[in-house]
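Down below is the structure, laid out as structure tokens.
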Amino acid sequence: MNERKKSEDLWDKRERFEQTPDRYREIACKKPVAQVLERLGSQWRKDCLWINYADLGCGEGKGTKFFSEFLVKTVGLPVKSIGVDASAICAVPCRERGIDFCKVELGAEPLNLSDYQVITLFETIEHVFNTDKLLESIRQSISKDGVLLVTTLNVVCLKNRLLVPLGIQPFNTEVSTKKLSYGYKYKSLRQRMDTWKPAGHIRPFTLYSLTEMLEENGFKVLKSLGLENWRTLKVLEHVAKNMCTGILVVAVPS
């Protein structure tokens, strides 16, 4: 009971899942993602009795559980899932959902996984200091016929292209652990930014920097998509993916 209470306190404190978009559901709705998984799944069904799935930066495992069920429906095989996170108390909600758990400081410690067909890294890489070491560890953990899905925020999104020439701090970048509103010189912007808390974004990416980094670390990019959080700008996903608020890259070992 005390361990469960501590877990609840952690999520109350971090407010992690209220601050970030539900990327798991969003990615599951993307037709190109389903197409890649269906193509790979045709081979997995010949070679495997089940697929191994690792979710890096899993948190409480709610998204991990959802994506596991999506994989079962899409691939047509049972899925053995493991959640990986830096906080040991994530183990409690993960295991309550039937997900194995491994405590790892991403980028600082090896994953110690092997032969995983699917690895997801959703809204996590921007929090990692040693991103090259993380990708190297993922490359060692993924199966030769596996797939890696990475999402992160896009520092050169359309909103930031409009703000930066005005001398305003780009969205989704942080200069303080106390508050996000430093650098927003207009009152309305400051008030909006003060409704959120810093999440530890230390690695700002663009679509091209993420793609190049994956290729340098032993991956071949199959698909890249824009993910727009603002409904009024959803059209960017179809006409200018490198201007969306978020980005998705689907890659396989090269």
* Pairing the Cα long axis of helix 2-14 with the longest principal axis of the chain, what angle in degrees results, from 0 to 90 and rounded to the nearest 10? -> 40
* If you take the beta carbon distance between N242 and A88 as r and set R0 to 35 Å, what does 1/(1 + (r/R0)^6) give as a FRET efficiency, to the nearest 0.05? -> 0.40
* Note the angle between two axes, namely the Cα long axis of helix 131-141 and the longest principal axis of the Cα atoms of the chain, as a number of degrees from 0 to 90, rounded to the nearest 10. => 10
* Asked: What nm distance separates the two modelled labels at K103 and E69, each placed 7 Å from Cα along Cα→Cβ?
  -> 2.9
* Working from Cα positions, state the angle (0 to 90°, nearest 10) between the long axis of helix 207-216 and the longest principal axis of the chain. => 40
* Could you rank the peptides 202-209, 154-161, 216-223 by their average count of other C-beta atoms within 10 Å per residue, with the highest value first? => 154-161, 202-209, 216-223
* Asked: Which peptide among 25-33, 58-66 comes first, and what is the full order, when sorted by highest mean count of other Cβ atoms within 10 Å?
  -> 58-66, 25-33
* Burial ordering of L225, L180, fewest other beta-carbon atoms within 10 Å first -> L225, L180
* **Given K103/K223; K31/K223; K197/K241; K133/K197, the pairs whose alpha carbons are separated by over 21 Å** => K103/K223; K197/K241; K133/K197
* Multiply the residue gap between D115 and K234 by 0.36 nm, knock off their C-alpha separation, and tell me the result in nm, one decimal place. => 39.2 nm
* **Spin-label proximity, C29 to segment 207-227 - amide N less than 15 Å from point 7 Å beyond Cα toward beta carbon** => 226-227
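A short reminder: the numbers here are calculations on the coordinates, not readings from a lab. Predicted model, so just to flag it, every value in this text is computed and none were measured. As a convention, Cβ positions derive from the backbone with ideal geometry for all residues, glycine included, and neighbour counts pool all protein chains shown.
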